[in-house]
Amino acid sequence: MNAEYRGVWTLSEVRDGRIHPVSYELLAWGRDLADSLEVPLSAVLLGHNIAEQAGDLIVQGADQVYVVDDLELAHFRPDIWTKTLTALVNRHRPEIFIASATSTGRTVMPVLYVDLETGLTADCTELSIDTKERLLLQTRPAIGGNVMADIKTPFCRPQMCTVRPRSKKPLAADPARTGKVFTESVAPESLSSVIKLLEFLPEKNVGAPLQDAEIIVAGGKGMKKAANFALLEELAGLLGGSVGASRMAVDLNWAPYSSQVGLSGKSVTPKIYIACGISGAVQHLAGMSASDTVIAINSDPEAPIFRVADLAIVGDVLEIVPALIGRLKS
Ligand SMILES: Cc1cc2nc3c(=O)[nH]c(=O)nc-3n(C[C@H](O)[C@H](O)[C@H](O)COP(=O)(O)OP(=O)(O)OC[C@H]3O[C@@H](n4cnc5c(N)ncnc54)[C@H](O)[C@@H]3O)c2cc1C
């Protein structure tokens, strides 16, 4: 049965009518896998009025693009996304299907793998091919980030996983690349949704989305109360950065879940990560230790965050952050 499945697929994402760069990171992963298996790499593109962007996916590494362009797909709705993808997978039978571990990927792929009766590894940080067995090796942190587990899907197809955004750089765009674009249609019932979109409310965030931010000022329980997060917003604003948070701060309702950094939040790789009153639990480090430079402010000289910090500031964050703000303003 497995032999009937061939090729590597990636799920492209569209935001505000444009292909999101995370789709190109995924193509970089997919290219390596497809080359190891000597099979084509295909990108799946769902949306409305997006067909003319399919060529961008080829320029960024895809050999083929499957496009479903329909008004019903203009906004992301999980039920019609999964029904459409199920129809495409059953029609073309890829051996591997990968998506980004964004909220879209994390929503669609778990429903899709149940519909397809296969398996799913969430939040991988590394992908490779076991060429002897022709299997996808899906590597992800396990047991609180203390071990890296290699997971295989030997018996079912497609082999499916989500990959952390920012875990690979997109390939350099190659305008000379050529490929095929297939316009696909699906049955009308696949495009009927029980979800009605009433309104789109953008997230209230300081600065760029966390995963795109070059500077992140993150706060933890050491910030003492929600109101003190205004200091972090001010500092982030002055530095042109974004605000992040530990899970403790999110659980205390001092910051939204969208700003949580760590194992059960976002993985970030900014140029500068300023950790304010964050202890540095392994689950937090799992999401930020790949930052280029870590600056930590903590009153406890033994705080574990200092083990990953390039610059350690021992002191009261509620004195140091206002002093920094004052200095930057002057
Ligand atoms: C399955 C699982 C998943 C998890 N996922 C995540 C995750 O995604 N992200 C995450 O962050 N955590 C996660 N956690 C929780 C994690 O284990 C920690 O509990 C959490 O990171 C602690 O947050 P914190 O550093 O803000 O708080 P604390 O650990 O309480 O640390 C507060 C720090 O502030 C310092 N401090 C206090 N007052 C001051 C002051 N005035 N000035 C300067 N410093 C001060 C203290 O010295 C201390 O180091 C997860 C846990 C589990 C079990």
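The values are calculated or read from the model by the stated rules, or taken from the named source; none is laboratory data. Everything numeric here is computed off the predicted structure, so don't read it as measured data. Don't worry about glycine lacking a Cβ; one is built from the backbone with ideal geometry, like all the others, and counts go over all protein chains shown. Keep in mind that these areas ignore ligands, DNA and RNA; they rest on the heavy atoms of the full protein, side chains included. Shrake-Rupley method; radii C 1.70, N 1.55, O 1.52, S 1.80 Å.
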- Is it true that residue 265 is touching a Ser or Thr at 6+ places or on another chain (Cβ under 9 Å) and farther than 23 Å from residue 322 by Cβ? yes
- Query: Do we have any residue at all in segment 244-253 that's over 25 Å from residue 168 (Cα atoms) and either more than 9 Å from the ligand (Cβ to nearest atom) or among the acidic types (Asp, Glu) (or both)?
  - Reply: yes
- Query: Of the residues that make up segment 261-270, is at least one more than 9 Å from the ligand (Cβ to nearest atom), closer than 30 Å to residue 146 by Cα and assigned to a helix (DSSP H, G or I)?
  - Reply: no
- Search segment 1-26 for residues being outside any loop (DSSP other than H, G, I, E, B) and under 15 Å from residue 53 (Cα atoms), and hand back the single one that is most open to solvent (accessible area, probe 1.4 Å). 18
- Query: Of the residues that make up segment 184-206, is at least one more than 30 Å from residue 62 (Cα to Cα), within 16 Å of the ligand (Cβ to nearest atom) and in contact with a Ser or Thr (Cβ under 9 Å, 6 or more places away or on another chain)?
  - Reply: no
- Message: Looking for something of a type in the set (S, T, N, Q) and closer than 19 Å to residue 112 by Cβ - is there at least one such residue anywhere in segment 59-67?
- Response: no
- Message: With the requirement that a residue be of a type in the set (A, V, I, L, M), in a helix (DSSP H, G or I) and touching a helix residue (DSSP H, G or I) at 6+ places or on another chain (Cβ under 9 Å), what does segment 216-248 give you?
- Response: 223, 226, 231, 232, 235, 238, 239, 248
- Matching residues in segment 195-242 - criterion: being at pLDDT 95 or above and either aromatic (Phe, Trp, Tyr) or not assigned by TED's automatic domain parsing to the domain that holds residue 315 (or both): 229
- Item | Selected residue (criterion: farthest from residue 321 (Cα to Cα)) from residues of segment 297-307 that are surrounded by 17 or more Cβ atoms within 10 Å (Cβ to Cβ) and within 9 Å of the ligand (Cβ to nearest atom) | 304
- Query: For residues in segment 47-66 being more than 18 Å from residue 8 (Cβ to Cβ) and of a type in the set (A, V, I, L, M), which is surrounded by the fewest Cβ atoms within 10 Å (Cβ to Cβ)?
  - Reply: 51
- Taking the condition hydrophobic (A, V, I, L, M, F, W, C) and in contact with a strand residue (DSSP E or B) (Cβ under 8 Å, 6 or more places away or on another chain), does residue 239 pass? yes
